[in-house]
Amino acid sequence: MLASCTRNASQRRMLGSHISCCLPRRTTLRYGLLAAVIPISSSVSSRHVAAMAAGQTAVLVPIGTGTEEMEAVITIDVLRRAGAAVTVASVEDSLEVTCSRGVKILADQLIADAAGQQYDLIACPGGMPGAERLRDSSTLSQLVKQQQAAGKLYAAICATPAVFFEPQGLLADRKATAHPAFSDKLSNQEAVQQRVVVDGTLTTSRGPGTAFEFALELVKQLYGDAKMKEVAGPMVMYDYKL
């Protein structure tokens, strides 16, 4: 009994350490009158340069009015747990973005500040009209096209593969999926029923309910299967051991 209690206490300490060290550091969420505020560093571009110099994986997650908040936050959080330097960029005129269900997210920077930067991954959440807001950002469109041309990872979930990527030629007839309400707009219908689809450097997924799978697949592509399992375990996504 004593050994069991000691072991359980040790597991709780390890889990607490994992959670505390992996909390998102630069995102502010407001749910109605309740605000959960996490401090924001003063210089995103300086952090980006430092991360690149240190060999840290750089990820861009753009958001706009009507972005699906679960898809955005889950992607940001899971990638940060893996150790990625995730920059959240607003395609709006302000850093504070109101998402599809009224949750407010405070971005790290405006999308204009991301222009000219290099990223290992650009991951676009969905939601409506969030997907349209991302599509209508010429700066973001150029960044994603450059990412595709360079053979680097890029990804989209929910409505975004159909509303943003498809009309701008970013799918290039690759296998992809999207939210069921939008998947009929994809030119390649081969894999639309799958929850997460990977075709080369492109990853797509279906919606809020597949967001964890989507984010963990991105971790796998950036860091490998072992890191994906390491991140998934403490979140109790799959069989886990603390």
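Here's a check for you: in region 193-205, which residue that is of a type outside the set (Val, Ile, Thr) and open to solvent by 30 Å² or more (accessible area, probe 1.4 Å) is farthest from residue 70 (Cα to Cα)?
200
Scan 184, 173 and give me the residue that is out of contact with any Lys or Arg (no Cβ under 7 Å at 6 or more places or on another chain) and modelled with pLDDT under 95.
On inspection, the qualifying residue turns out to be 173.
Rundown of residues vs (1) of a type in the set (A, V, I, L, M); (2) in contact with a strand residue (DSSP E or B) (Cβ under 9 Å, 6 or more places away or on another chain); (3) at pLDDT 95 or above, yes/no style:
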{"site": "31", "(1), (2), (3)": "no, yes, no"}
{"site": "62", "(1), (2), (3)": "no, yes, yes"}
{"site": "66", "(1), (2), (3)": "no, yes, yes"}
{"site": "69", "(1), (2), (3)": "no, yes, yes"}
{"site": "76", "(1), (2), (3)": "yes, yes, yes"}
{"site": "102", "(1), (2), (3)": "no, yes, yes"}
{"site": "109", "(1), (2), (3)": "no, yes, yes"}
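Does any residue of region 201-223 turn out to be more than 24 Å from residue 58 (Cα to Cα) and part of a helix (DSSP H, G or I)?
Checking region 201-223: at least one residue is more than 24 Å from residue 58 (Cα to Cα) and part of a helix (DSSP H, G or I).
Mind checking which residues of region 105-147 are more than 16 Å from the chain's Cα centre (by Cα) and either free of Cβ contacts under 8 Å to residues at least 24 places away in the same chain or outside any helix (DSSP H, G or I) (or both)?
110, 115, 116, 117, 118, 128, 129, 136, 137, 138, 146
Looking at region 154-185 only, could you name the residues that are touching a strand residue (DSSP E or B) at 6+ places or on another chain (Cβ under 6 Å) and either closer than 24 Å to residue 66 by Cα or buried (at least 22 other Cβ atoms within 10 Å of the Cβ) (or both)?
154, 155, 156, 157, 160, 161, 165, 176, 177
The values are calculated or read from the model by the stated rules, or taken from the named source; none is laboratory data. Everything numeric here is computed off the predicted structure, so don't read it as measured data. Please note: Cβ atoms are built from the backbone with ideal geometry, for glycine as well, and neighbour counts cover all protein chains shown. Surface areas here come from the heavy atoms of the whole protein model, side chains and all, with no ligands, DNA or RNA. Shrake-Rupley method; radii C 1.70, N 1.55, O 1.52, S 1.80 Å.
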